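Colleague: Below you'll find the structure I mean.
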Amino acid sequence: MAIPTQILDPVLAAPAGPGPRHVAIIMDGNGRWAQRRGRPRLLGHRAGARRVREIVAACPDLGVEYVTVFAFSTENWKRTQDEVSGLMSLFRRYIQTEADTLLRQGTRVRFIGDRLQLDAKLRALMDMIEALTAHNTRVNLTVALNYGGRDEVARATKRLARDVASGRLDPESITDQTLPRYLDTHVLPDPDLVIRTSGEARISNFLLWQSAYAEYEFVDTLWPDFTRDCFEAILSRYGMRERRYGGVRA
Ligand code: IPE
Ligand code: IPE
Ligand code: MG
């Protein structure tokens with residue numbers, strides 16, 4: 001007779017711990033999703049954008065206070081001009097069409113990444129939605145747009161060096177708590193859980209400093225197929241994990 005797995009595996013039998021407060025998502029697989037259907041990659045990006053709406057809407061019920069999504073990396077400029085400009089116009093349209101819903105849902109929107117290389121119209125829309133939702137507190141959506149972890153650390157270091165040069169910061173006072181104050185994410189807690197869809201098991205320059213102690217989940221599902229149910233299944237697995245931060249089992 002088969003023995004129920006719960007009896008064999010003490011980890012599975014453990015009571016569920018608290019859920020993650022901050023979930024970061026590498027939304028990958030849009031292009032393959034479209035290509036498998038014989039459609040242009042941009043169609044996959046559009047389908048992916050709809051999933052963002054569904055996942056953000058689910059967060060408050062699931063106890064997730066912060067959700068950070070990787071929308072465009074500093075490396076994604078290497079794609080064809082058609083794909084890059086299609087993505088930029090999708091971001092503009094997304095902000096315009098979602099602004100109302102996000103405001104009513106109580107979502108506070110923020111962006112991380114280097115804005116200076118983005119076009120003025122997109123930057124203006126980003127500023128607009130950040131200001132519009134600044135008083136919302138139900139869920140915090142952060143969109144990583146023209147974001148790269150190494151680029152973020154380089155930009156942060158530049159600001160930190162300026163403060164040292166001007167005498168505002170004593171180099172002897174620098175600890176591991178100093179650099180995070182200069183990162184784009186300075187107002188956010190570190191992610192507890194990083195999810196990557198589409199079967200790739202790499203982090204592609206996402207939240208390098210912040211994810212030092214995050215749990216990782218790599219799932220095969222392509223981002224446009226990533227439903228609320230997939231999200232919930234991952235969150236319940238997270239509850240079974242024991243985070244030790246270098247300590248020993250309690
Ligand atoms: C992720 O999907 C979205 C962006 C990087 C903008 P991809 O476009 O990378 O999809 P695949 O990996 O080619 O399938
Ligand atoms: C990472 O996906 C960036 C985003 C999801 C925006 P990529 O598809 O660009 O990453 P690589 O090229 O597979 O590492
Ligand atoms: Mg990809």
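The values are calculated or read from the model by the stated rules, or taken from the named source; none is laboratory data. Values in this document were obtained by computation on a predicted structure and should not be read as measured data. Cβ sites come from the backbone with ideal geometry, for glycine too, and all protein chains shown count toward neighbours. Quick note on the areas: whole protein, heavy atoms, side chains included, nothing else; ligands and nucleic acids left out. Shrake-Rupley method; radii C 1.70, N 1.55, O 1.52, S 1.80 Å.
Colleague: Here's a check for you: in segment 220-242, which residue that is part of a loop (DSSP other than H, G, I, E, B) and out of contact with any strand residue (DSSP E or B) (no Cβ under 7 Å at 6 or more places or on another chain) is most open to solvent (accessible area, probe 1.4 Å)?
Modeller: Asp220
Colleague: With respect to Glu172, is the statement that it is on the phi < 0 side of the Ramachandran plot, in contact (Cβ under 8 Å) with a residue 60 or more places away in the chain and not hydroxyl-bearing (Ser, Thr, Tyr) true?
Modeller: no
Colleague: State which residue pairs qualify: first residue more than 11 Å from Ile26 (Cβ to Cβ) and within 16 Å of ligand 1 (Cβ to nearest atom) and inside segment 190-216, second residue of a type outside the set (Ser, Thr, Tyr) and outside any strand (DSSP E or B) in any location, beta carbons under 6 Å apart, and separation of 6 or more residues or different chains.
Modeller: Gly199/Asp220
Colleague: How about segment 169-207: which of its residues are outside any loop (DSSP other than H, G, I, E, B) and either away from ligand 3 (no atom under 16 Å from the Cβ) or open to solvent by 30 Å² or more (accessible area, probe 1.4 Å) (or both)?
Modeller: Once the filter is applied, which keeps residues that are outside any loop (DSSP other than H, G, I, E, B) and either away from ligand 3 (no atom under 16 Å from the Cβ) or open to solvent by 30 Å² or more (accessible area, probe 1.4 Å) (or both), segment 169-207 yields Pro171, Glu172, Ser173, Leu179, Pro180, Arg181, Tyr182, Leu193.
Colleague: Moving on. Against the condition buried (at least 21 other Cβ atoms within 10 Å of the Cβ) and under 19 Å from the mean Cα position of the chain (by Cα), how does Arg51 come out, does it pass?
Modeller: Here the answer is yes, as Arg51 does meet what is asked.
Colleague: What do you reckon, is Ala156 touching a residue at least 60 places away in the same chain (Cβ under 8 Å) and either farther than 30 Å from Pro18 by Cα or not acidic (Asp, Glu) (or both)?
Modeller: So Ala156 fails the test.
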